[in-house]
């Protein structure tokens, strides 16, 4: 029901937006038709045409971007997501989606299991990621998973410390991109406090998760259960990861 409501709101907002564009186009046509001066007709026509072209291009690019994000976070189809990214880059004449692509590249490298290149990408774009608290959170959160999979415990601990500092300072400015219970659970997992890890995972609101996020949390839960010798339940959870995670690297590890 929730999905239906959100989809309805999305369609309604899109409909209103395109109605505004249509009214603007009709108004430009009206100005061109009713203007007595040829120069006025040309000016109104050119300005209106340029404005509408930019708007249509932006809406087209936004549509490609939304499909790209959907392919990554819901379908977990990395090949499709990368294809859409290339399409977006090719058509983005004004580099309006450049920042979004920097974030996307960090996520796709993580999902492909390319942890070292992902860390290099984060380092290369460190200045960008430090420009806002949300971007900085994404920076450390992505690092956290890279170091976790690379089993670099010392760097992982430093990364978690940085994340918890963000929680304790200016947390009212954060947009809640991720659950703090997720960070606690990963921290406990690497401390071999597996029951604590499972308890934190249970506190996460799964209704807010997309398939990509769910796959990572179930992967953690499955391995936590294996550590506790609950093998049948652990493998059952990991089979779910394989289904939900589709082409994600973590789904291929099982």
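Readers should treat all values here as calculations from the given coordinates under stated rules, not as data from a laboratory. These numbers were taken from a predicted model, which means no experiment stands behind them. All Cβ positions, glycine included, derive from the backbone under ideal geometry; neighbour counts span all protein chains shown.
Given the condition assigned to a helix (DSSP H, G or I), exposed (fewer than 15 other Cβ atoms within 10 Å of the Cβ) and either touching a residue at least 40 places away in the same chain (Cβ under 8 Å) or under 35 Å from the mean Cα position of the chain (by Cα) (or both), answer yes or no: does some residue in the stretch 23-46 qualify?
yes
Exactly one condition in (1) closer than 30 Å to residue 240 by Cα; (2) under 17 Å from the mean Cα position of the chain (by Cα) is not met by residue 62; state its number.
All conditions pass for residue 62, except number (1).
Out of the stretch 199-252, which residues are free of Cβ contacts under 8 Å to residues at least 60 places away in the same chain, within 24 Å of residue 82 (Cβ to Cβ) and not in a helix (DSSP H, G or I)?
Scanning the stretch 199-252 gives a single hit, 209.
Against the definition (closer than 29 Å to residue 70 by Cα and either surrounded by fewer than 21 Cβ atoms within 10 Å (Cβ to Cβ) or touching a helix residue (DSSP H, G or I) at 6+ places or on another chain (Cβ under 8 Å) (or both)), how does residue 199 come out, yes or no? Reasoning before the result, please.
Values: closer than 29 Å to residue 70 by Cα: no; either surrounded by fewer than 21 Cβ atoms within 10 Å (Cβ to Cβ) or touching a helix residue (DSSP H, G or I) at 6+ places or on another chain (Cβ under 8 Å) (or both): yes.
Spelling it out, it is not the case that residue 199 is closer than 29 Å to residue 70 by Cα and either surrounded by fewer than 21 Cβ atoms within 10 Å (Cβ to Cβ) or touching a helix residue (DSSP H, G or I) at 6+ places or on another chain (Cβ under 8 Å) (or both).
Is it the case, given these coordinates, that residue 108 is out of contact with any helix residue (DSSP H, G or I) (no Cβ under 7 Å at 6 or more places or on another chain), surrounded by 15 or more Cβ atoms within 10 Å (Cβ to Cβ) and under 27 Å from residue 242 (Cβ atoms)? Quick ask: steps written out before the conclusion?
Values: out of contact with any helix residue (DSSP H, G or I) (no Cβ under 7 Å at 6 or more places or on another chain): no; surrounded by 15 or more Cβ atoms within 10 Å (Cβ to Cβ): yes; under 27 Å from residue 242 (Cβ atoms): yes.
So residue 108 fails the test.
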